[in-house]
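Notes follow once the structure below has been shown.
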Amino acid sequence: MTSTPVIAIHGGAGTIAAASADPTSAQPYRDALHAIVSAAQAALLRGASALDAVCLAVEMLEDCPLFNAGHGAVFTHDETHELDAAVMDGASLRAGAVAGTTRVRRPVRAARAVMEEGAHVLLAGAGADAFARERGLEMVDPSYFSTDARRKQLHQALAANRVALDHDGAPLVEGSKFGTVGAVALDLHGHLAAATSTGGMTNKRVGRVGDTPLIGAGTYADDRSAAVSCTGSGEMFMRAVAAYDVCARMHYAGQSLQQATEAVVMQTLPAIDGRGGLIAVDRLGNVCLPFNTEGMYRAHARGAELPHTAIHR
Ligand code: ASP
């Protein structure tokens, strides 16, 4: 039995600046989302696995400077970059992830290599970089990840901290957003996969790891329920084990994808001040893209239908 393939991608959620609501400045984001979702859609229609499709989409999002992953990743407090990524295959429950890499051009490829090697699920820091190098992945000077826009965001965040003297939470400045990228897919063979990649949060402490590379928190896929990729205030997604909670609600409580994703994004996360959203697809091809912020960069495509892209509600 073949399924109609489905792909959904996100480029982060948050207080998306009013400027990007204006059609001209939103256009580059829409164009990038459209091009990337179309490439993954075409791959799925040619018979690519869900795993290959989500990796392709996330690599393209990593290469795009508009999003906070790979080139264009946000800065840590020390003006460096530390990147996190994860991938999970819903058919086998195999998963791989890297945290705090500084030199791998496309961290999602390193996550996939960890998964394929099979001995471990999560590699961090210098060991993750060394593993990627050994596996022949493309390595870059850390300055490759930097863009002027992200440096400006860091300087704003640093200034806001000094003014606000508020060290109790995420160092977000008005107009900032979570720009993590992710993809979920259902392939022709009925298999699911999810992948997520991020620079983390602007002004994060060096060594901080978010939800993205933690299997179950920011990324999860299980053919029996759904594939999920999250974006938002990572600490709360970790505490809620958000991606796995969607799948658990479906698997144990018989909830639909819509019920499970709404419960997590609109109830569980807000109850602990969790801001953000997620993208999810189930084995029947249902897609849900809920968020509790002003916007979430997102796109999805079903079969050969024209893709939909959206930013605000
Ligand atoms: N969830 C990511 C993190 O906490 C941030 C994001 O979604 O942009 O690292």
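Observations, loosely collected:
- Three principal axis extents of the stretch 106-157 based on alpha-carbon atoms, in descending order, are 42, 19, 16 Å.
- Over all directions, the projected convex hull of the C-alpha atoms in the stretch 180-313 averages 8.0 nm² in area.
- For D63, D129, D148, D84, order by how many other beta-carbon atoms lie within 10 Å, fewest first: D148, D63, D129, D84
- If you plug the beta carbon distance of R205 and T24 into 1/(1 + (r/R0)^6) with R0 = 45 Å, you get a FRET efficiency near 0.80.
- Peptides 103-110, 261-268 ranked from most to least packed by the mean count of surrounding Cβ atoms within 10 Å: 103-110, 261-268.
- Modelled label positions at L93 and V140, each set 7 Å beyond Cα in the direction of Cβ, lie 3.6 nm from each other.
- Within the stretch 32-123, antiparallel bridges make up roughly 75 percent of the DSSP beta bridges whose residues both belong there.
- Among V6, V209, the ranking by other beta carbons within 10 Å of each residue's beta carbon, starting with the fewest, stands as V209, V6.
- Ordering of 273-283, 217-227 by packing is 217-227, 273-283, highest average first (other Cβ atoms within 10 Å, averaged per residue).
- In terms of its C-alpha gyration tensor, the stretch 42-93 has an oblate overall shape, because the principal axis ratio a/c (a ≥ b ≥ c, square roots of the eigenvalues) is not below 1.5 and a/b does not outweigh b/c.
- Among G207, G12, G125, residue whose mean-square fluctuation peaks in a GNM of the chain (springs only between Cα atoms under 10 Å): G207
- The value of relative contact order for the chain, using C-alpha pairs under 8 Å at least six residues apart, is 27 percent.
- Rg to Rh quotient for the chain, alpha carbon positions, Kirkwood Rh: 0.94
- Helical segments meeting 18 Å axial Cα length and Kyte-Doolittle 0.0 threshold in the chain (DSSP H): 23-45, 50-63
- Each residue, D148 and E262, gets one label point 7 Å from its Cα in the Cβ direction; the gap between the two is 4.6 nm.
- Ranked for footprinting exposure by Cβ neighbours inside 10 Å, fewest first, F178, F131 give F131, F178.
- Paramagnetic label zone (point 7 Å from Cα along Cα-to-C-beta, R239; backbone N under 15 Å) in the stretch 271-293: 271-276
- Three-way shape label, the stretch 1-129, alpha-carbon gyration tensor, a/c 1.5: oblate
- Once both labels are positioned 7 Å from their Cα atoms along Cα-to-Cβ, the gap between L158 and D31 label points is 3.2 nm.
- Residue-averaged 222 nm ellipticity for the chain, from DSSP H runs of 4+ at -39500 (n - 2.57), nearest 500: -10000 deg cm²/dmol
- Stretching the chain fully between H120 and R224 yields a gain of 35.1 nm (0.36 nm per residue, less the alpha carbon separation).
- Choice from R150, R94, R46 showing the highest fluctuation, given a GNM over the chain with Cα pairs closer than 10 Å: R46
Laboratory data are not the source of any read-out in this text; all were calculated from the coordinates shown. All values derive from a computational prediction rather than experimental measurement. All Cβ positions, even for glycine, are placed from backbone atoms using ideal geometry, and neighbour counts span all protein chains on display.
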